[in-house]
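Novice: Got a structure for you, questions after.
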Amino acid sequence: MVLLFGVAVAFMVASTASGQKATFAKRIGAIVVDVQGDFTEWKKGSLAVPGTDRAFIEKVTDATKQLKKAGFILFATQDWHPGEHISFHTSHPGKKPFEVITVHNRTQALWPPHGVQGTENARILVDNNLFLAIVQKGRDKRFDSYSGFQDHEGQETEMDSILKHNGIEKVVVYGIATDYCVRATAIDAAHAGYKVIVIEELCRGVASDTSMKALEEIKKAGVIILDKLDIDKIKKL
Ligand SMILES: [Zn+2]
């Protein structure tokens, strides 16, 4: 399983890296959120977010490689749902995509099926070898999970422990979508005590009004928002 493999690698690298700690004054991480075919126009995804053409994915890939070169430790999140996931409109007879319903006293937005485990368009489009670990979310069909840190039921993923295990205190967050998974991941990272930087030009949102609102909420949580990637600036923050 990709996830377990990822975690094992994370621990392995962390232990070999501990002897070189002196070379990293402060270890900086980056979380690339849900850059998967289903969320892109490039791959004609089922839940394609505006502005996610091939050029955007190449820009994200290039930025991620730059961060790697600069010594950042890279992580990705991956929406990884079973076929009958609660967030799919097809799991609720008679319901349409983008309807909002109440399930178990919780508001649930319904989406076209996406990020289905093992499908081509669930793949992360950025070279997987760049990442120390890929944290999968939404694996429990009963609960949705926008955040890379926890699902809507509050069940934590491995993200916080992997970041801590690697001595990371500052983390850069970008990807898809600004108004959902980037928002939730950045805010949860800030709440978990990390210094968080979101790179606006490396994010794309489902809708402009909700994306603008999300950026305000992200800022209110104490996150720094930069227009574009500026590695020297991030190092100084
Ligand atoms: Zn999902």
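Novice: For the range 200-222, give me the residue count where each residue is away from the ligand (no atom under 16 Å from the Cβ), under 14 Å from the mean Cα position of the chain (by Cα) and not in a helix (DSSP H, G or I).
Specialist: Residues that pass the stated criteria total 1.
Novice: Mind checking which strands (runs of 3 or more DSSP E) fall wholly inside the range 88-199 and carry at least 3 residues that are surrounded by fewer than 18 Cβ atoms within 10 Å (Cβ to Cβ)?
Specialist: Hits in the range 88-199: 100-103, 106-109.
Novice: Could you say whether any residue in the range 54-72 is within 16 Å of the ligand (Cβ to nearest atom) and either closer than 21 Å to residue 202 by Cβ or among the acidic types (Asp, Glu) (or both)?
Specialist: Within the range 54-72 (the criterion being within 16 Å of the ligand (Cβ to nearest atom) and either closer than 21 Å to residue 202 by Cβ or among the acidic types (Asp, Glu) (or both)), the answer is no, since none of the residues qualifies.
Novice: Residues being part of a loop (DSSP other than H, G, I, E, B) and closer than 17 Å to residue 117 by Cα: count how many of those fall in the range 41-87.
Specialist: Adding up the residues that qualify gives 11.
Novice: Looking at (1) in contact (Cβ under 8 Å) with a residue 24 or more places away in the chain; (2) in contact with a Gly (Cβ under 9 Å, 6 or more places away or on another chain), which is the only condition residue 149 fails?
Specialist: Going through the list (1) in contact (Cβ under 8 Å) with a residue 24 or more places away in the chain; (2) in contact with a Gly (Cβ under 9 Å, 6 or more places away or on another chain), residue 149 breaks only (2).
No value in this document is a laboratory result; all are computed from the given coordinates. Since the structure is predicted, the reported quantities are computational estimates derived from the model, not experimental observations. Here the Cβ is made from the backbone with ideal geometry for all residues, glycine too, and neighbour counts use every protein chain on show.
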